[in-house]
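The values are calculated or read from the model by the stated rules, or taken from the named source; none is laboratory data. The shown structure was predicted, so the numbers you read here are calculated from the model rather than taken from an experiment. All Cβ positions, glycine included, derive from the backbone under ideal geometry; neighbour counts span all protein chains shown. Just the protein is used for accessible areas: all its heavy atoms, side chains included, with ligands, DNA and RNA removed. Shrake-Rupley method; radii C 1.70, N 1.55, O 1.52, S 1.80 Å.
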Amino acid sequence: MSASTYVDEKRLAQRLAAMARIGATENGGVNRQALSAEDAAAQRQLVQWGETLGLKPSIDAIGNLFLRLEGADTGAPPVLSGSHLDSQPTGGKFDGVFGVLAAFEAVEAILASGVKPRVSIDIVAWMNEEGSRFAPGMMGSAVFAGNRALDATLAVVDKHNVSVKQALAEVRESLRDVPERALGERVSAYVEAHIEQGPHLENEGLTIGVVSGIQGKRTFTVRVDGEAAHAGTSTRAERRDALLAAIAMVQALADAMRDDEDIVKFTVGRFDVKPSAPSVVPSSVDFSIDLRHPDSDVLLALGDRIAPICEAHAGVCTVRVTELSSAMSLDFPEPMRALVRNAALRLDLRHRDILSTAGHDARYLHYVCPSAMIFVPSHLGRTHCETEYTSSSDLAAGARVLADVLSELAV
Ligand code: HGY
Ligand code: MN
Ligand code: MN
């Protein structure tokens, strides 16, 4: 019998519910930001569950956590499957964690099927996919794939000036029994299950999305410097109000990025005003820009307009635009997509090809091995919010497809 037969919907739902209690928010969501105490607790929980199945844990220098089901050929590069355990500050119960626990469920199903895989299967939880505490996101997978330097990544700080290196040392302390593994070992394939984070599968009555690729994304930080002054005594002529300059920049950028088709995605999600005191003219503003487009040429051209637009609206202030990440659109290889499609067909699950407009760790694995993604529906497309929801049966369907794809790749 195929591995998917052994996928247990209830067990998967129970594990997801247990993870959702770690960092649970009052409104039914999750706050489990990268390298927080909650993130560490989730990782410990995963390692404990792995022990019950005899899986071997390991962690690499950037904090990616792996659980290995050893294959018969111990020298062969493993197949990897997973996603991330970190969340947005007001995140949902499924973004990321579903991919990790679907991989766990798939491995448990493969074990139950009695088939010993030829190559090892590593379940992986990538470090800091979301990029809310430490920017940019997908740090773990980018360092693993050699797209980002380890030292520069360890030096990134959060808003309290805590570095990735410091925060990682604390997580490492709580996982001190987990052995270290070399960074960026060879991988034979990667498959990531994830919620769609859009409404299309649900609207079309489909259960599985065969992900065709991921749209491109560029991220920036903008620093606007003015000068603090008294709100009552300083004249308009004297003021160098960083907030007013930053607002002018954001409005001009939003106008420039606006397209009638609503394909360009432009977001300023962080906007920090200093000193943020009611009677002080703002001295500085830091804000983030997240820009996405499926056409890499358009993404490049639009992203290159950001700095000139900011400079044109700086007025008496100064501005510095720094690009944090630049990732072009990508297509997953057709043979990998066919594995997902054929597994869905055999399981009689309604499916279609779909482009991911959200980013995922699979982006970086795509650069080092044949990669694929499996989507399951997101109710009303809600995500990066506390009301994120996918039914247990849809989650189990995604895990079944994953179990059969992993068996094909590893057995
Ligand atoms: O930003 C993204 O697309 C992902 O959810 N981290
Ligand atoms: Mn995610
Ligand atoms: Mn996310």
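A few comments on the model shown:
- For V268 and Q48, the FRET efficiency from 1/(1 + (r/R0)^6), where r spans their Cβ atoms and R0 equals 41 Å, is about 0.55.
- Cα lying deepest toward the dipole's positive end in the chain, options P117, V280, P308, charges on Cβ: P117
- Principal-axis tilt of helix 164-174 within the chain, Cα atoms, nearest 10 degrees: 40
- Per-peptide average of other Cβ atoms within 10 Å, ordering 64-74, 33-43 highest first: 33-43, 64-74
- With Cα atoms, 0 to 90° folded angle of helix 296-312 axis to the chain main axis: 30
- For segment 1-154, the per residue solvent-accessible surface stands at 33 Å², with DNA, RNA and ligands left out and a 1.4 Å probe.
- If only the Cβ of Lys and Arg carry +1 and only the Cβ of Asp and Glu carry -1, the dipole of the chain around its Cα centre is close to 480 debye.
- Segment 180-206 versus segment 48-119: alpha-carbon centroid distance in Å: 13
- Net charge, G209 excluded, C-beta distance under 14 Å - Lys, Arg +1, Asp, Glu -1: -2
- Check: segment 216-327 dipole with +1 on Lys, Arg Cβ and -1 on Asp, Glu Cβ, in debye: 400
- Subset of K56/K116; K159/K265; K217/K274; K56/K93 violating a 21 Å alpha-carbon distance limit: K159/K265; K217/K274; K56/K93
- Cα-Cα separations in segment 216-327 greater than 23 Å, expressed as whole percent: 31
- For segment 47-106, the alpha-carbon radius of gyration amounts to 1.24 times the rule-of-thumb value 2.2 N^0.38 Å expected for a compact globular protein.
- Summarising the strand pairing of the chain, around 65 percent of its internal DSSP beta bridges are antiparallel.
- Treating each Cα of segment 282-351 as one equal point scatterer and applying the Debye formula with no solvent, the log10 of I(q)/I(0) at q = 0.11, 0.12, 0.28 Å⁻¹ comes out as -0.51, -0.56, -1.23.
- Three-way shape label, segment 163-231, alpha-carbon gyration tensor, a/c 1.5: oblate
- Charge dipole (segment 216-327, unit charges on Cβ, about Cα centre) - positive-most of M249, A231, T318: A231
- Using R0 = 56 Å, the C-beta based FRET efficiency linking R118 and A277 works out to 0.30.
- Cα Rg, Dmax, the chain, angstrom units: 22.4, 80
- With Cα atoms, 0 to 90° folded angle of helix 392-410 axis to the chain main axis: 70
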